Each structure stands twice: as structure tokens, then as C-alpha cells.
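**Student:** Below is one structure. I have some questions about it.
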Amino acid sequence: MIKLLILCEMIEQVDRGNISLDYNYTYKIEDKVGGAGIIQFMEPGTIISYDNLALYMIKHSDNIATNVLIDILGKDNINQKSKELGLKSTQLNRKMMTKGTENFISSEDIEVILKGILYKTVGSSEMCDKAMYYLLENTDYDGIARGLPNGTQFAHKTGSLVGIRHDGGIVFIDNKYIITVLTKDFINEDDANYLMGNISSIVYEIMTTEPQPETDTSDAPESDTSDGPKIDTSDEAGVDTSDGSKIDTSDAPESDTSDGPKIDTSDVPITGKSNYSKYSMISIILFLSLLI
């Protein structure tokens, strides 16, 4: 998800004229790292435009493209952009697939970045449109996207490390909204993906359900029971009837359900799509923002 911050700095440097999307980078074997991405499978010497470096960084979460852009833009400039945007928890500390202090970002900071791109406050209209195109091209549909109906536009970025799975973006419906789900401490990544999909599905249903109007009962006459019969229950043993006789319920048998059928829910999956790992405890941060 730190790649969103890198994208913001790239927007600024293109707008300033420091770089151009038409500039080219030549892939070198020493730049090769593993993890996510498609450049690692290209032949050394392949020429890639800066435009495609940014696209691959967002669309495929390409680690090589990200590292090359860090070198081009400058790590200090990227972290300065975090301060300029008012981000409180976002810091680029290392390149992708290298050892060192982890990179950090928060759900609130993700919202700031996504809003900045949507409302074109982080750069020119042209560059923000380009950034939105990159986000819409994201090919990772395993998280939040799986809970959205087919054809729903979702401009988003995902992020994964061992035991960590994040996803956040803008859902484009009539009541468009930002949804970010950050997870960690899972055993199986599929568990996190299915959980994010379920959360996404529930949120989508809420956001697309028309609120029911409240019934106005202010003019409705009140029921007058002042002259109605009264039931005297002062005697604990029974109910006082109109002829003075009493129905004694003190010895009434209780309903016995001890031998009735029992439903064992111990193996029922939390989702219809995945039976969550028995020993997996997933930590979740869910962030929602309604966009007007």
C-alpha cells in the first residue's frame, strides 16, 4: 500500500516537469527482485516507459517497477510528500524485497490519498486522471473486489506480506465510497481474502439499500383502555378471572427440550466460500468513508 504514496510523488514530479511519463527505463538484471510483478519475467534490456513503470506498480504491484521509481523520485522526496499531504502514519523505510524497517501506512492515510486523487487535489487534472486509470486497472480481485457485483468499478490498491493482507479503494456506485480493510495474523491468506470479500459484500448491500421511510404515528389516536377489564396478578399462584375463580399455574410443567434435536454449528464456516482455518485469529481494521 506504500506504493500509493510513491504514486503521489510521481504525480508531483511529472507536474513540475522534473520527469515525463514518456521517459524510458532499461531493465537491468541487477534490478531484479522477486515477489509481485511482471518485469522480473522480462528480458534484461527491455525498455519500459515511466508511464508503464507506474502502471505496473499499481496494476501488478510490481516490486521492480516500485524500486526503480524510488530511485528516480528519491526516498526523501517521497517521505516529504507524506508530510505535505498531512499523512500521520505513512513512511517509506526500505525498497521492496529488502531487509530493514518495515514501510508503514494507515487506513486514514489511504483515505487521504484516494480522496486527493479522486478530487484532484494531489496534482493536475491530467495526472490525477492517469492515477485513477492505474487504480482501476488493478488485477488483484481476491480481496474486497470479490464481494462486489461483477462490473462494479473499483479503483484500488492491494498489499501483501507474510501474515499481512491489505486492500483499499473507491467503489464507484451512486453513493460512491472508500473502503479499506487491513488484516494481519492469519495463517492462510485465503482466509483474509474471503473475510475481506464478506465484509465488502455486507458494506455494498448497506450502501445500495434504500432506507425505509419511518411511519408517522403522531396523529394516530391513542388506545383508551381506561374502562377495560383489569387482570389482578397479585396472587403469585394464579390469574384472577372475572368470576373469582383462579387458574393455578404453579404446578404447570416447563417445556422440556432436553431430548430435542440439537444443531451443531462448530464446523459451520463463517463464510459460504471458505472454512476459516481452525486456529487462525485474524486482526482487522475496517475503514469506510462516504464520498459526496
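The values are calculated or read from the model by the stated rules, or taken from the named source; none is laboratory data. Keep in mind the model is a prediction, meaning the values are calculated, not measured. In this analysis, Cβ positions are derived from the backbone assuming ideal geometry, glycine residues included, and neighbour counts consider all displayed protein chains.
**Student:** Kindly provide the set of residues from segment 160-175 that are more than 20 Å from Ile105 (Cα to Cα) and touching a strand residue (DSSP E or B) at 6+ places or on another chain (Cβ under 6 Å), ordered by number.
**Tutor:** Val171, Phe172
**Student:** Let me ask you something else. Tally up the residues in segment 13-60 that are over 28 Å from Ser124 (Cα atoms), charged (D, E, K, R) and assigned to a helix (DSSP H, G or I), please.
**Tutor:** The total comes to 2.
**Student:** Of a type in the set (A, V, I, L, M, F, W, C) and part of a strand (DSSP E or B) - does that describe any residue in segment 61-75? Outline the logic, then answer.
**Tutor:** Start the filter on segment 61-75 by keeping residues that are of a type in the set (A, V, I, L, M, F, W, C), which leaves 64-65, 68-70, 72-73.
Still in the running and part of a strand (DSSP E or B): none.
Scanning segment 61-75 turns up no residue that is of a type in the set (A, V, I, L, M, F, W, C) and part of a strand (DSSP E or B).
**Student:** Would you say Pro211 is modelled with pLDDT under 90 and part of a loop (DSSP other than H, G, I, E, B)?
**Tutor:** Working: modelled with pLDDT under 90: yes; part of a loop (DSSP other than H, G, I, E, B): yes.
Spelling it out, Pro211 is indeed modelled with pLDDT under 90 and part of a loop (DSSP other than H, G, I, E, B).
**Student:** Which of the residues spanning segment 99-128 are farther than 15 Å from Leu85 by Cβ, free of Cβ contacts under 8 Å to residues at least 60 places away in the same chain and under 22 Å from the mean Cα position of the chain (by Cα)?
**Tutor:** Of everything in segment 99-128, just one residue is farther than 15 Å from Leu85 by Cβ, free of Cβ contacts under 8 Å to residues at least 60 places away in the same chain and under 22 Å from the mean Cα position of the chain (by Cα), namely Glu102.
**Student:** Among the residues of segment 8-67, write down those that are at positive phi and surrounded by 17 or more Cβ atoms within 10 Å (Cβ to Cβ). Quick ask: steps written out before the conclusion?
**Tutor:** Narrowing segment 8-67 to residues at positive phi: 17, 35, 37, 45, 61.
Within segment 8-67, Gly37, Ser61 meet the criteria.
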